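Structure first, commentary second.
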Amino acid sequence: MKNLDVFLIFLAIRIASVFLVQTYFVPDEYWQSLEVAHHQVFKYGHLTWEWSKGIRSYSPIIIVSGLFKILQLLQLDTAEILIYSPRLLQALLSAYSDLSFYKWSGTKKWAIFCIANSWFWYYTGSRTLINSLECALTTIALSKFPWPGKGIEENSIFIWIVAVIFFIRPTSALIWLPLCIYHLIINKNSVLNVVLKTYLPIGLFVFALSVLVDSLCHGSFVVTLYEFLKFNIFEDVGSFYGVQPWHWYLSTGFPAILGIQFLPFMSASTVVLKNRKVHPNELAMLGTIVFALTMYSCLPHKEFRFILSLLPLVLYISSRFLSAWSRKASRAAVWVVATVIFVGNVVPMWYLGMVHQRGTLDVMTSLRQISHKNPQQTSLLFLMPCHSTPLYSHLHINVTTRFLTCLPNLNNIDGYVDEADQFYKNPSAWLRQNYPPNGTLPSHIILFDVLEANISDILSRYKQTHEIFHTDMPATSRIGKYVLIHKRLDY
Ligand SMILES: *[C@@H]1O[C@H](CO)[C@@H](O)[C@H](O)[C@H]1NC(C)=O
């Protein structure tokens, strides 16, 4: 197949995923990306503490801001276009990274099959998550890496891409450090030469550029990389967002993102380990995966998306293994294996992409309609765990909103309890304090069904207008099966 045809297949798949993946994954998809860009361009939007403390880089944000700016100038900035266009942009990049994977892999059908059919990449590949951007760029960089025996010439393109990835997502070093060491080993020039003549100048140039962008956007000189390290490593703010046991990536995270691909990957790994001399590249990739998983396991806060960028390495190894195996296997065996892998991925694609946790996005459509009909009178109160829904990026109108915040203990206050925890400890008391009887009440309250009974006092002055399905399996006791909208009786 021609590369263009392959690209069009990937493009169709990624664009389809923009519209088929309709669920809420993690807050950062909105709060660390769309909301910030919305604030930059339209001058309203909520900036979380990461932005006031300057620990996040604006470099990836300005891409979305540029898009929003163009839409604003063309007067095409409807909420729907603002929601879908950044995802389409990411889908385009992901499709290009899929093509890179295809060219890099050197196998034909199995490369297309494995990358197109990976449930977790399908689930994340069109999201406006920094991790999706990182994974796409990582795949492109891997395809430019001068792997021995692959006929890829020594080049500095991959180092440029790696430098960009590193400054937008410093933890990517856990993947790229071992690979860069491998690069220095296989390189024909002296290590010192390569480091001084390529790594250092490129790194410094990209670093300077990112400091420039961040200082301009933050409004004062800031090195986000330093602030990021300060908060995450020295002050360990990450733990505030949850601590998992050390083996979480091995027992849960890694097997879950691979899904059924775990089996061919395990078989492939055994083959690689047994025939180390024949597969030096795969061995380096395996080493990278082990190193990254080990290092990530040492960090207390763990998430599925943090190891997304390991997927291209995994799929490279297993697609080549499957390809080699299928040449010797019977037709029937190949079909059975392909069908099992296909079904094993389509089920999570469907359930997690279309069913699980969709209510907190669907509710924004209703809230958008309500807000645009009567912006002056509308004020929204979200009584849910913090950042359960997107906000202004999905409303695109400057109505009054309030949600429970969950700031980490940045000022080291003794016995600190964040606002959301205070609320959940005693909802009625929190409401009485924040909404005294003679004051004005918000026009709409948005909540999960499980909270209803605990705030019946205030709800006696409201009437339920929407009940929106969210999930069959709520992740915590604060999350319910349905999202409800209650409207004030005199609204
Ligand atoms: C949005 O609304 C807030 C509160 O009413 C107001 O302070 C702010 O200036 C508004 N921003 C814009 C850009 O209209």
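Throughout, read-outs are computed from the coordinates displayed, never taken from laboratory work. Please read these numbers as outputs of a predicted model, since none were measured by experiment. Cβ atoms come from the backbone with ideal geometry, glycine included; neighbour counts cover every protein chain shown.
In the stretch 1-72, what trypsin sites (Lys or Arg not before Pro) fall in a loop by DSSP, with at most 16 other Cβ atoms inside 10 Å? It would help to have the intermediate numbers written out before the result.
Details: sites: Lys2, Arg14, Lys43, Lys53, Arg56, Lys69; in loops: Lys2, Lys43, Lys53, Arg56.
Sites meeting the loop and neighbour criteria: Lys2, Lys43.
Quick one: length gained pulling Phe262 to Asp414 fully straight, 0.36 nm per residue minus the C-alpha distance? It would help to have the intermediate numbers written out before the result.
Numbers: separation 152, 0.36 × 152 = 54.72 nm, distance 4.48 nm.
Extending this stretch completely gives an extra 50.2 nm.
Just need the relative contact order of the chain here, percent rounded to a whole number, with Cα pairs under 8 Å and 6+ apart. Present the calculation step by step, with values, prior to reporting the outcome.
Working: 668 pairs, mean separation 88.3, N = 491.
Reported as a whole number, the value is 18 percent.
Looking at the stretch 222-272, which chymotrypsin sites (Phe, Trp or Tyr not before Pro) are in a loop (DSSP not H, G, I, E or B) and have at most 16 other Cβ atoms within 10 Å? Numbers along the way, then the final one.
Working: sites: Tyr226, Phe228, Phe231, Phe234, Phe240, Tyr241, Trp246, Trp248, Tyr249, Phe262, Phe265; in loops: Trp246.
For chymotrypsin sites (Phe, Trp or Tyr not before Pro) across the stretch 222-272 that sit outside H, G, I, E and B with at most 16 neighbouring Cβ atoms in 10 Å, the list reads Trp246.
Can you compute the FRET efficiency between Lys463 and His247 using 1/(1 + (r/R0)^6), with r the Cβ-Cβ distance and R0 = 60 Å? Round to the nearest 0.05. Walk me through the numbers before you get to the answer.
Numbers: r = 49 Å, r/R0 = 0.81.
The calculated FRET efficiency here is 0.80.
Around Thr48, under 12 Å between beta carbons, what's the net of Lys plus Arg minus Asp minus Glu among the other residues?
Values: positive: Lys53, Arg56; negative: Asp28, Glu35, Glu50.
The answer is -1.
Taking only Cα atoms, what is the 0 to 90° angle, nearest 10, from helix 311-328's long axis to the longest principal axis of the chain?
50
Indicate the gyration tensor shape class of the stretch 267-418 (rounded, prolate or oblate), computed on the Cα atoms with a ≥ b ≥ c the square roots of the eigenvalues: a/c under 1.5 is rounded; otherwise a/b larger than b/c is prolate and the rest oblate.
Numbers: a/c = 4.18, a/b = 1.88, b/c = 2.23.
Taking the square roots of the gyration eigenvalues as a ≥ b ≥ c, the stretch 267-418 is oblate.
Need the list of lysines near Lys487 for cross-linking: C-alpha distance under 27 angstrom, and skip anything on the same chain fewer than eight residues off.
Cα-Cα hits under 27 Å: Lys373, Lys425, Lys463.
Can you tell me the relative contact order of the stretch 221-359? Whole percent, Cα pairs under 8 Å, sequence separation 6 or more. Walk me through the intermediate numbers first.
On the way: 74 pairs, mean separation 45.2, N = 139.
That works out to 32 percent.
What does the helix-only formula give at 222 nm for the chain: each DSSP H stretch with n ≥ 4 adding -39500 (n - 2.57), the total divided by the residues, and the result rounded to the nearest 500 deg cm²/dmol?
After summing the helix terms and dividing by residue count, I get -16500 deg cm²/dmol.
Can you list the cysteines of the chain that have no other Cys Cβ under 4.7 Å away?
Those would be Cys114, Cys135, Cys180, Cys217, Cys298, since no other cysteine Cβ in the chain comes under 4.7 Å of theirs.
Projecting each Cα onto the charge dipole of the stretch 359-488 (Lys/Arg +1, Asp/Glu -1 at the beta carbon, about the Cα centre), which of Leu367, Leu447, Gln377 comes out farthest on the positive side?
Looking along the dipole axis, the top candidate is Gln377.
Residue by residue, what Karplus-based ³J(HN,Hα) values in Hz, rounded to whole numbers, does the stretch 24-32 have, using 6.51, -1.76 and 1.60 with θ = phi - 60° and x for Gly and Pro?
8, 9, 9, x, 4, 4, 10, 6, 10
Give, as ranges by residue number, the residues of the stretch 309-351 whose backbone N falls under 14 Å from the point 7 Å along Cα→Cβ of Asn3.
Taking a point 7 Å out along Cα→Cβ of Asn3, no residue of the stretch 309-351 has its backbone N under 14 Å.
Over the Cα atoms of the chain, what is the Rg over Rh ratio if Rh follows Kirkwood? Walk me through the numbers on the way to the answer.
Numbers: Rg = 24.1 Å, Rh = 24.4 Å.
My calculation of the ratio gives 0.99.
With labels modelled as points extended 7 Å from the Cα through the Cβ direction, what inter-label distance (nm, one decimal) is found for Thr400 paired with Ile233?
Simple spin-label model gives 4.5 nm for this pair.
Explain nothing, just compute: Karplus ³J(HN,Hα) = 6.51 cos²θ - 1.76 cosθ + 1.60, θ = phi - 60°, for every residue of the stretch 12-17 in order, whole Hz, x for Gly and Pro.
Result, rounded to whole Hz: 4, 5, 5, 5, 4, 5.
Under a point-charge model restricted to the Cβ atoms of Lys and Arg (+1) and Asp and Glu (-1), what is the dipole moment magnitude of the chain relative to its Cα centre, in debye to the nearest 20? Present the calculation step by step, with values, prior to reporting the outcome.
On the way: 38 positive and 28 negative charges, 308 e Å.
Dipole about the Cα centre, nearest 20: 1480 debye.
Quick one: go through the stretch 88-113 and flag any residue whose amide nitrogen is under 14 Å from the point 7 Å out along the Cα-to-Cβ line of Leu20.
Only 113 fall inside the zone, counting backbone N under 14 Å.
Roughly what angle does helix 331-350 make with the longest principal axis of the chain, taking Cα atoms, 0 to 90 degrees, to the nearest 10?
20
Taking square-rooted eigenvalues a ≥ b ≥ c of the alpha carbon gyration tensor, is the stretch 359-488 rounded, prolate or oblate, where a/c under 1.5 means rounded and, failing that, a/b exceeding b/c means prolate?
On the way: a/c = 1.36, a/b = 1.26, b/c = 1.08.
Taking the square roots of the gyration eigenvalues as a ≥ b ≥ c, the stretch 359-488 is rounded.
What is the list of residues in the stretch 440-483 whose amide nitrogen lies under 11 Å from a point 7 angstrom out from the Cα of Leu489, following Cα to Cβ?
459-463
Considering only DSSP beta bridges with both partners in the chain, what is the antiparallel share in %, to the nearest 5? Before the final figure, lay out the partial values.
Working: 12 of 20 bridges.
Of all bridge pairs located within the chain, approximately 60 percent are antiparallel.
Give the range of the longest stretch in the chain that excludes all GluC sites (Glu not before Pro) found in loop regions by DSSP and having at most 14 other beta-carbon atoms within 10 Å. Mind dumping the intermediate values first?
Details: sites that count: Glu153, Glu154.
By the stated rule (loop sites, at most 14 other Cβ atoms within 10 Å), 155-491.
By its C-alpha gyration tensor, with a ≥ b ≥ c as the square roots of the eigenvalues, how is the stretch 389-452 shaped: rounded for a/c under 1.5, else prolate for a/b larger than b/c, else oblate? Display every interim value, and only then the final one.
Details: a/c = 1.75, a/b = 1.24, b/c = 1.41.
Oblate, because a/c is 1.5 or more while a/b does not exceed b/c.
What angle do you read, to the nearest 10 degrees and between 0 and 90, between the alpha-carbon axis of helix 61-73 and the longest principal axis of the chain?
The angle comes out near 60 degrees.
Once you've got the Cα coordinates, tell me which of Lys2/Lys103; Lys108/Lys277; Lys150/Lys188 are over 20 Å apart.
As for pairs spanning more than 20 Å Cα to Cα, those are Lys108/Lys277.
So what's the net charge close to Gln377: Lys and Arg +1, Asp and Glu -1, counting the other residues with Cβ under 12 Å from its Cβ?
Details: positive: Lys373, Lys487, Arg488; negative: Asp490.
Charge balance near Gln377 sits at +2.
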